[in-house]
C-alpha cells in the first residue's frame, strides 16, 4: 500500500478485527443490475431466518463492499456481466443468511453481549483511534455518518453486537482445538521447501498429428465407453415475454414528479468542496525528530522563495514514493479523506498558497494548494433527461412485474399462454431442442427457468419468471429423452478421443525411453537436445506451483521433492502428457526459519480446523431453522438469481 493510500484510509476507513462486520466506507460504484430504483425499499425484507429479516439495504451494502473489493483487485476487468456470471449476488445473500443463522444459534445457546463489551470493542478498534487513543464521541459519530449510506451509532453497534455473538459462539464450540508442534513443523517445511528443476516435457499434443485413426479402432473404443457419449435430455421451449423496454415506451412521467424526485435525491447531484494539493513529506519513523524538522524547515524556505519550483523540490526531497516523482501531486480530495491535521491545513488555504510545516502521524508535510472547488449542485435542467429515464425505467420495471403477476392467474395452460400473448401483444419465442445446461434463445443462460422447464409435465406453464429483459411464461412444446447414440452420430468426438489416447501413449513411450538416456547422461541438457527435446528450467518453486507445459501436478511434486540434487526422474504422467525432470537445486528450511514462522502457521492451521468444525456444526444447525427467501423482491433488485 502506498503512503497516499495510508493517508487516505487512516481516518476514513475502519479496519476490522471481526471479518463478519462488513461496512461500506467509500462511495461505491453500483452496477446497473443492482439498484433500488426497481422499487425495492432499503427496509424491505429480501429473506428471513427464524422470522428475523434480512433487508434490501443490508444486502446492497454487503454487495457493494464485495464489488469494490473485486474492482480493487481486478480493475476494469471486473465488469457487470462478469459479476453476474460469478454469481456474486447469490453468494452475498447466502452469506447474510448464514450470518443470521449463526446469530439465531447464538441466541439458542444463551449467548449474549453486554453494552460494556460493545463499548470495550469500539474503544479498541483502530478506525476509532488517533495516536493510540479513542477519537471521542463526536468524531466517532462523524466517522459513521460519512459512510455510504450513513450509519447511526445504533445501527453500527447492533452490527457489532451480532458479530461478537458469533465470535463467542465459535469460541465456545472450537476453543478447545489445537495443533501439536510436530504437525506444525512438518507442514511448515512442506510449504517452504523449494526446488529448481530442469523439465523435459513430452506432450501428447506434439504427437496428435502423427496419429492415424481407423474406423476399425472406433467400434471397440466406443463400445467400451458408451455412457461417456450419452446424449442428455433436451426440450423445446415456447415462452411469452413481458418486455420491460416495450412497457417503458408506454410510460410518461409528469414534470412535477421529476422535480420532486430531484429534490428528494438532491444529495446525489451535489459535489462537496474539494482541494487539489501537492505535498513534500519528511518521514519520522525511526528518525530523530529534531533532525527531520530541521531539514523540513530548510526545504520550506526553498519552497517559499520567489520562483521556487515546488514540484522539483518534491521530487528531490519527498519521501512519499506514491507521488514524489509526480511533483507530490495528490489530485483532488474531499473532507474525510486525509488525516485531520493535513485536511485542516489544506482546506484552510487558497490556491497557490504554501503551508508551514504540518505534523501528522506520518511525519512533517509541506503542503501547496493547487486548486479549490467549492460545493456544487447540478441544476435540475442539467439532469432532467437523466431523471426522466431513471423514473421511466423504474416505473416500467414495476409495471412489467405487476402485469406479469396479474397474468399468472389466467396463464395455466399452453392455450392460455397463446391467448394472453395475442391479447397483450407479447413477444413469443419458440426454441429448438436445448439441454438443461444450454442457453435459451433470446434470454441466454437461465438456470432457474431451465430447472423448472425440465421438471414440468406436458401441458403446464411456469409462473412469471424474471429475466434480464423482463418476465416470461414458459411451456414445453417438445422433448427428446436421454439416449445412447449410434457411433455414427458421435463419430467425430470418438475419433478425437482415440487420437488423444494414442498420442498420450506415444508421449509416454517417448518419455520412458528418453528418461533412461537422461539418467545416464553426463550432460542432461545436451542429451535432451540430441533427442530433439527442449529443456525448460524453472525458478525455485514450492509444492503446488504451476510449471510451464505441465501445470500443477502432485506427481511432479512428489518426484521432485523425493529426488536428491542432480537426480533424474522416471517418466511422469501429467495432464498434458508425460515429462522427465531433473533436480537442479534444493533449498530446505532452517531451524531458525521454522522457529520464526511456526507460530503464524499454527494460528492458520488451528483456525482452519476450527472453521471446518464450525462450518459443519452450522450446516447441521441451519437444517433445523426456518429460512424464507422472498424471490419476488430478490428478482426486482438483481434481475433474478
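Coordinate-derived values only; no laboratory data. Everything numeric in this text was worked out from a predicted model, so none of it was measured. As a convention, Cβ positions derive from the backbone with ideal geometry for all residues, glycine included, and neighbour counts pool all protein chains shown.
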- Message: If R₀ is 25 angstrom, what is the calculated FRET efficiency for the pair residue 625 and residue 43, using the beta carbon separation as r and rounding to 0.05?
- Response: 0.65
- Note on the structure: Residue span residue 259 to residue 594: 0.36 nm per residue of separation minus Cα-Cα distance leaves a gain in nm of 113.8 nm
- Restricting to Cα pairs under 8 Å and 6 or more apart, the percent relative contact order of the chain works out to 25
- Hey, how many Å between the Cα centroid of region 328-366 and the Cα centroid of region 397-450? 59
- Item | Relative contact order of region 443-498, pairs being alpha-carbon contacts under 8 Å that are 6 or more residues apart, as % | 27
- Report the paramagnetic label zone for residue 509: residues of region 556-598 whose backbone N is under 16 Å from a point 7 Å from Cα along the Cα-to-Cβ axis. 578
- Item | Order by protection proxy (mean Cβ within 10 Å, highest first), peptides 310-316, 408-414 | 310-316, 408-414
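As an exercise, find the ratio Rg/Rh for region 273-374 from alpha-carbon atoms, using the Kirkwood inverse-distance average for Rh.
Rg divided by Rh gives 0.94.
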- Query: Which whole-number percent is the relative contact order of region 273-374 (Cα, under 8 Å, 6+ apart)?
  - Reply: 44
- Message: Once R0 is set to 56 Å, what does the formula 1/(1 + (r/R0)^6) return for the Cβ-Cβ distance between residue 380 and residue 438, expressed as a FRET efficiency to the nearest 0.05?
- Response: 0.70
- Message: Residues of region 557-574 with the amide nitrogen closer than 13 Å to a label point 7 Å from the Cα of residue 519, along Cα-to-Cβ, please.
- Response: 567-572
- Residue separation between residue 534 and residue 493 times 0.36 nm, minus their alpha-carbon distance, gives in nm 11.6 nm
- When 115, 496 are ordered from fewest to most other Cβ atoms inside 10 Å of their Cβ, what list results? 115, 496
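Ignoring everything except DSSP H segments at least 4 long, calculate the 222 nm mean residue ellipticity for the chain; use -39,500 (n - 2.57) per segment, divide by total residues, nearest 500.
One gets -15000 deg cm²/dmol as the mean residue ellipticity at 222 nm.
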- Query: For residue 221 and residue 52 in the same chain, what is the full-extension length gain: residue separation times 0.36 nm, less their Cα-Cα distance, in nm?
  - Reply: 55.1 nm
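Take the Cβ-Cβ distance between residue 468 and residue 546 as r, set R0 to 45 Å, and report the resulting FRET efficiency rounded to the nearest 0.05. Please report the intermediate quantities before stating the final value.
On the way: r = 36 Å, r/R0 = 0.80.
Computed FRET efficiency for residue 468 and residue 546: 0.80.
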- Task: With label points built 7 Å along Cα→Cβ from the Cα atoms of residue 312 and residue 428, find their separation and express it in nm.
- Result: 8.0
- Item | Alpha carbon centroid spacing (whole Å) that separates region 170-190 from region 108-154 | 32
- Give me the distance between the Cα centres of region 557-591 and region 455-527, rounded to whole Å. 31
- Query: In nanometres, what is the gap between the two model label sites at residue 500 and residue 155, each 7 Å from Cα along Cα-to-Cβ?
  - Reply: 5.2
- Simple label model, 7 Å out from Cα along Cβ direction - residue 356 to residue 231, nm: 8.7
- Query: Average projected area of the Cα convex hull of the chain, in nm²?
  - Reply: 41.9
